[in-house]
Amino acid sequence: MPSPSPIFVAGTGRSGTSRIADIIGEHPLIHRIPMETRFLIDPGGLRDLADALTDRYDPTVGEDALHRLSEFLTVRVPGRRDDRGKTVPELVGERRYRDAVQQLWPQLIAYTYDEPAPAEGFGDADRPSGPFSPASRRRVVPRYFSDRSELLEILRGLIDTLFGGAAADAGKPTWCEKTPFNLLCMEFLWELVPEATIVHIKRHPVSVLASHLAQPWAPATVDGALAYLTPVYHRWLTWKDSVDLTGRRYVEVKAEDLAADWPGQRRALFERLDVDDFATSRTFQSHRLTNRNEVFDDETREFIEEALGKVIPAMGYE
C-alpha cells in the first residue's frame, strides 16, 4: 500500500478535533504533530503572506507581512508551550526548525537596505536624542510572485521540512496537523498541500455551544457563544455550497456516529485515509459526547435552536 497523504483535521472547535487527531496519529503510518502549530492559517502566518506577496502585493504590504511572519516564527511559536511544557520547535526538532526558518527568508526577500532611524525624544535628523539612539534600521523589499504557485512551493518546502521531518523522526511516512479553523481555510490548505486529505469532524451544534461555554478562551454566556459560533457555521456552509468537492480528498464524519459504532466507523475512517484498520487505544464514547446535554433547560435550548436556525439541519442534525 502506498504512503497515505498528509492530513489536516478541521472543525468548529469542541467538536472532537483533538480526539480524532490523536486517534489518527496512533496509526503506524501517520504521525500527529502534537500541538496546533498555528503559523499556517492564523493572522500573520503563511496564508496572510501568500496573499501579501501575490494578489495584495505592494512593497509596504509585503514588508508588513514579512515582519508579522518573522515575529510569529521567531517569537510567538517558540514561546508558546502546550500542556506538557513543549514548544513547536521542540516537537519538530529545534535545529530543524531554526534552520528551516533561517533558510526561508532569502527566498522571500528581493533586497535589503538600511533606513536612517527616526529621532526619538528631542533629537532631530542632525542632532541625535542620546548616545544610544540607533543610526538606522533594517528594511526589506519583499519579492513579488506573479506566479503564486512559485511562492506556494517555497512555503510547502517549509512544511515538508518541519512536518515531514518530524514524521520521519517518528518512523512514519506522513503526518497529521490539527487546527480547528482549518475548517475555514480549506482552499489555502489544498493550495499548499494539494494531495492532502482534510478530515472535518462535526458534532451537534447545541453540544458544541454548550462545550464552548466551559472554555476560558470562549464567551461565557449563551448570547456570546452564539455570536462567536454562528458566523463560523455560516461561513463554512456558504463555502461548501459554492465549491465542488468532487475529486477533493475530503472526509466528513460525525462524532456521534463514531461513538455509536466505534469499530465500524474507525475502520471506515482509516479506509478513507487509504490505510489499513488499526485498533487504537483512544475511542469515541457516547457518554463523553452527551455529558453536556443537561446544561440547558428546555426554554434555553429552544432559544438556542431558534437562534441557530437552519444551521442544525444544514450540519446534518435534526
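Structure above, values below:
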quantity	calculated
Single match in Thr280, Thr238, Thr290 (criterion: at pLDDT 95 or above, more than 23 Å from Cys176 (Cα to Cα) and of a type in the set (Ser, Thr, Tyr))	Thr238
Flag if Gly79 is of a type outside the set (Asp, Glu) and at pLDDT 95 or above	yes
So Arg248, is it within 20 Å of the chain's Cα centre (by Cα) and under 21 Å from Ser286 (Cα atoms)	no
Residue match in segment 34-50 (condition: outside any loop (DSSP other than H, G, I, E, B), closer than 28 Å to Leu289 by Cβ and not polar (S, T, N, Q))	no
Near pairs, Cβ below 9 angstrom, 6+ apart or cross-chain, from segment 211-225 (within 16 Å of Ser15 (Cα to Cα)) to any residue that is among the hydroxyl-bearing types (Ser, Thr, Tyr) and exposed (fewer than 13 other Cβ atoms within 10 Å of the Cβ)	Leu213/Thr221
When residues of segment 20-52 are limited to those that are basic (Lys, Arg) and surrounded by 20 or more Cβ atoms within 10 Å (Cβ to Cβ), the one nearest to Trp175 (Cα to Cα)	Arg32
Filtered residue count, segment 68-98, keeping only those that are assigned to a helix (DSSP H, G or I) and either surrounded by 13 or more Cβ atoms within 10 Å (Cβ to Cβ) or touching a Cys at 6+ places or on another chain (Cβ under 6 Å) (or both)	18
Selection from segment 300-312 of residues that are in a helix (DSSP H, G or I) and over 27 Å from Ala21 (Cβ atoms)	Thr300, Arg301, Glu302, Phe303, Ile304, Glu305, Glu306, Ala307
Scan of segment 233-282 for residues that are assigned to a loop (DSSP other than H, G, I, E, B) and either without any contact (Cβ under 8 Å) to a residue 40 or more places away in the chain or more than 21 Å from Glu26 (Cα to Cα) (or both), ordered by number	Val243, Asp244, Leu245, Thr246, Gly247, Arg248, Asp261, Asp277, Ala279
Within segment 269-299, tally of residues that are over 30 Å from Thr221 (Cβ atoms), more than 25 Å from the chain's Cα centre (by Cα) and of a type in the set (A, V, I, L, M, F, W, C)	2
Answer residue from segment 283-299, given it is open to solvent by 50 Å² or more (accessible area, probe 1.4 Å), in a loop (DSSP other than H, G, I, E, B) and of a type in the set (S, T, N, Q) and is nearest to Arg19 (Cα to Cα) among those	Gln285
Restricting segment 196-211 to residues that are polar (S, T, N, Q) and open to solvent by less than 10 Å² (accessible area, probe 1.4 Å), the residue that is farthest from the chain's Cα centre (by Cα)	Ser211
Qualifying residue in segment 300-316 (condition: modelled with pLDDT of 95 or more, surrounded by 11 or more Cβ atoms within 10 Å (Cβ to Cβ) and aromatic (Phe, Trp, Tyr))	yes
Of all residues making up segment 214-232, the number that are in a helix (DSSP H, G or I) and not aliphatic (A, V, I, L, M)	5
Selected residue [of a type in the set (A, V, I, L, M, F, W, C), without any contact (Cβ under 8 Å) to a residue 60 or more places away in the chain and not in a loop (DSSP other than H, G, I, E, B)] from Val61, Val9	Val61
Trp175 in contact with a helix residue (DSSP H, G or I) (Cβ under 6 Å, 6 or more places away or on another chain) and either closer than 28 Å to Arg249 by Cα or at pLDDT below 95 (or both)	yes
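For every residue, the table says whether it meets (1) within 30 Å of Tyr111 (Cα to Cα); (2) crowded, with 21+ Cβ neighbours inside 10 Å; (3) over 17 Å from the mean Cα position of the chain (by Cα).
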{"residue": "Arg139", "(1), (2), (3)": "yes, no, yes"}
{"residue": "Phe145", "(1), (2), (3)": "yes, no, yes"}
{"residue": "Ala170", "(1), (2), (3)": "no, no, yes"}
{"residue": "Thr179", "(1), (2), (3)": "no, yes, no"}
{"residue": "Pro194", "(1), (2), (3)": "no, no, no"}
{"residue": "Leu213", "(1), (2), (3)": "no, no, yes"}
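The values are calculated or read from the model by the stated rules, or taken from the named source; none is laboratory data. All values derive from a computational prediction rather than experimental measurement. Backbone-built Cβ (ideal geometry, glycine too); neighbour counts: all protein chains shown. Quick note on the areas: whole protein, heavy atoms, side chains included, nothing else; ligands and nucleic acids left out. Shrake-Rupley method; radii C 1.70, N 1.55, O 1.52, S 1.80 Å.
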